[in-house]
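Read the figures in this text as sums done on the coordinates, not as results from a lab. From a predicted model like this one, the values you see are computed outputs, not experimental measurements. Note that each Cβ is placed from the backbone with ideal geometry, even for glycine, and that neighbours are counted across all protein chains shown.
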Amino acid sequence: MSSNDRAIIALTSLGHGMVHTYELSIPILMTLWLTEFGTSTALLGALVSVGYGLYGVGALPAGILADRWGSRRLIVACLAGMGASFLMLSLAPGLWTIGAALVLWGLAASIYHPAGLTLISRGVVQRGKGLALHGMAGNAGIALGPFCTALLLLVVDWRVVAACLALPALAATGYAAQASFNETAADASSQVATTASSPAAPASATQLWTHTRVLFASGFAIVFGIVILSGLYYRGILTFLPNLLEDVFVLDGAVDLDPSRYVYAALLMVGMAGQYLGGWLTDQGRTEWALAGGFVLLTVLGIAFWPLAQMGTAPLLAVSAVLGVALFMVQPLYQAMVAEYTPSEARGLSYGFTYLGVFGVGALGAGIAGSILYWSTPLVLFAVLAGFAGLGAVGSAYLAYQRRHMIAT
């Protein structure tokens with residue numbers, strides 16, 4: 001890779017890992033907020049849903065701004081905002097300040113994916129390798145962020161942990177501001193100028209509306225529904241999972257260790273294997289059937305997880321490992337389907353809607369989970385999540401049938 005490619009990948013990998021570190025460290029901290037502030041899962045789930053919702057809702061405007069202003073300034077704002085939000089968490093005197101900090105985090109984090117992926121697509125000549133390294137960094141943040149958070153909580157208060165988490169983002173802000181690279185090197189080296197590489201492309205509201213109508217008049221409308229269901233399942237199961245595991249995972253003589261945090265972190269780490277498996281299945285073709293199979297597995301896990309988790313340590317660890325693989329396996333599959341069901345001239349817009357669905361609408365899963373746990377039981381929560389996955393399987397199978405019918409005719 002060229003020095004320009006390496007500089008861009010260094011910055012985007014750093015940003016990608018941090019976004020997911022913070023995203024999945026929040027549920028670890030929630031177990032402590034429930035106790036310290038004496039709040040209900042319904043109220044805390046609603047507050048977290050706002051932050052996670054903004055994480056998705058901000059993707060569309062962030063993508064438009066990336067085309068107008070370039071990616072560097074947006075990534076600097078993202079890193080600075082995330083660092084400031086966790087500093088605010090560390091100083092929070094009460095629940096509403098925590099809610100405000102999560103709002104700031106959601107707004108800042110929403111910038112990253114459109115800005116970072118735009119920077120890679122326009123600036124990295126070896127794009128495939130760049131995207132692979134970028135994805136691996138995100139997986140590392142998903143797996144190691146919650147694990148490191150749990151380790152720090154062994155020795156210091158959660159406020160100190162939040163302050164410690166803020167420091168890398170603030171340091172990275174300085175690096176991003178002074179890093180030297182050409183944001184459009186890949187465009188300059190390309191023989192064909194693309195619409196996506198033109199800063200003026202999204203400036204037309206008429207063109208934006210036309211592309212949106214074309215997208216939702218095609219199979220992408222069903223794909224969009226599928227990614228929303230995936231987001232609801234993802235956020236619904238992960239947000240309160242550490243808290244649920246506290247009730248079922250008992251390690252004699254190690255109450256202070258709180259093993260539920262490490263089971264949660266291990267589940268996310270196993271998810272790296274799921275990402276690899278999903279990518280491999282994508283390369284084999286028949287993406288719709290593979291995604292349908294992934295959702296069927298998530299449906300079965302939704303039904304079986306809670307009963308198995310209460311049968312002892314071994315069943316809990318086994319079903320958590322399978323859940324980690326299945327939960328992350330579907331992500332590369334639906335990302336590939338987005339590309340398969342959208343025209344190239346609307347690809348950026350389609351991924352903007354995808355992140356809106358997964359992280360924005362999907363954030364409602366946290367509020368749904370919190371409300372169900374407040375008014376009902378974990379068994380009901382997992383049944384509802386199984387319903388989301390079942391609908392995703394039906395939608396994927398329908399698209400597979402439609403494609404087969406089109407090929408046959």
For segment 296-313, Karplus couplings with θ = phi - 60° (6.51, -1.76, 1.60), whole Hz, Gly/Pro x: 4, 4, 5, 5, 4, 5, x, 6, 9, 4, 5, x, 5, 4, 8, 8, x, 4
Ranked D157, D5, criterion: other C-beta atoms within 10 Å, fewest first: D157, D5
Ordering of 377-384, 206-213 by packing [mean C-beta count within 10 Å, highest first]: 377-384, 206-213
When segment 256-348 is reduced to its Cα atoms, the Kirkwood hydrodynamic radius in Å: 14.4
More than 23 angstrom apart: percent of Cα pairs within segment 204-409: 47
Shape parameters for segment 1-190, alpha-carbon atoms, Rg then Dmax in Å: 17.0, 58
Charge dipole magnitude, Cβ of K and R +1, D and E -1 - the chain, Cα centre, debye nearest 20: 920
Inter-probe distance in nm under a simple model that places probes 7 Å from Cα toward Cβ, at R159 and Q207: 5.2
If the convex hull is drawn through the Cα atoms of segment 306-371, its volume per residue in Å³: 94
Helix-only mean residue ellipticity at 222 nm for the chain, each DSSP H run of n ≥ 4 adding -39500 (n - 2.57), per residue, nearest 500: -27000 deg cm²/dmol
Listed residues A273, S260, G392: farthest to the positive end of the dipole of segment 204-409 (Cβ charges): G392
Cα principal axis extents for segment 1-75, largest first, Å: 52, 25, 14
